[in-house]
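First comes the structure, then the notes that go with it.
The values are calculated or read from the model by the stated rules, or taken from the named source; none is laboratory data. Predicted, not measured: the structure shown is a model, and the values here were computed from it. Here the Cβ positions follow ideal geometry from the backbone for every residue, glycine too, while neighbour counts run over all protein chains shown.
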Amino acid sequence: MQPVSPQEFEELVSDALDTLPPELAARFDNVVVVVEDENEAEPDILGLYEGVSLTEREQYNGALPDRISLYRIPLCLMAEDLDHLVEEIAVTVVHEFAHHVGIDDDRLHELGWD
């Protein structure tokens with residue numbers, strides 16, 4: 001589908017954040033979510049977690065927030081329609097927050113969050 005406006009996409013991301021499983025949302029610690037058009041280095045990726053996962057933090061005082069980026073253009077282009085976009089945003093949000101809590105891609109695959 002054609003990309004939705006940045007404002008509409010941000011609203012969809014906000015809605016997805018509101019629907020995160022409570023056990024995952026309760027584990028947020030020093031992390032920010034941002035929306036960008038695309039990743040310059042890897043323009044096809046849907047999202048990216050940058051930081052130190054909760055399972056790896058030692059001597060973490062005073063650190064800048066971890067960052068979860070969601071990429072509007074690739075998410076929109078892969079979606080068949082608005083409902084599919086909403087679903088893919090939700091999956092991407094869960095995927096990136098799972099990295100924040102220390103779940104790697106292999107475990108996410110085992111759990112069905114591809």
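What to note about this one:
- Considering the conditions (1) surrounded by fewer than 18 Cβ atoms within 10 Å (Cβ to Cβ); (2) more than 15 Å from LEU20 (Cβ to Cβ); (3) among the aromatic types (Phe, Trp, Tyr), TYR71 is excluded by exactly one of them, (1).
- Failed condition for VAL52, given (1) at pLDDT below 95; (2) assigned to a helix (DSSP H, G or I); (3) surrounded by 14 or more Cβ atoms within 10 Å (Cβ to Cβ): (2)
A quick yes/no check of all residues on (1) surrounded by 18 or more Cβ atoms within 10 Å (Cβ to Cβ); (2) in contact (Cβ under 8 Å) with a residue 40 or more places away in the chain; (3) assigned to a loop (DSSP other than H, G, I, E, B):
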site	(1), (2), (3)
GLU10	no, no, no
LEU24	no, yes, no
ILE45	no, no, yes
GLU58	no, no, yes
ASN61	no, no, yes
ILE89	yes, yes, no
VAL93	yes, yes, no
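- Some residue of the stretch 10-29 being of a type in the set (Val, Ile, Thr) and in contact with an Asp or Glu (Cβ under 8 Å, 6 or more places away or on another chain): no
- For the stretch 95-114, filtering for residues that are free of Cβ contacts under 8 Å to residues at least 60 places away in the same chain, in contact with a helix residue (DSSP H, G or I) (Cβ under 7 Å, 6 or more places away or on another chain) and not in a loop (DSSP other than H, G, I, E, B) leaves 2.
- Test: residue in the stretch 59-67 that is polar (S, T, N, Q), out of contact with any strand residue (DSSP E or B) (no Cβ under 8 Å at 6 or more places or on another chain) and at pLDDT 95 or above: no
- Single residue of the stretch 26-43 satisfying the filter (without any contact (Cβ under 8 Å) to a residue 40 or more places away in the chain and in a strand (DSSP E or B)) that is farthest from LEU85 (Cα to Cα): VAL32
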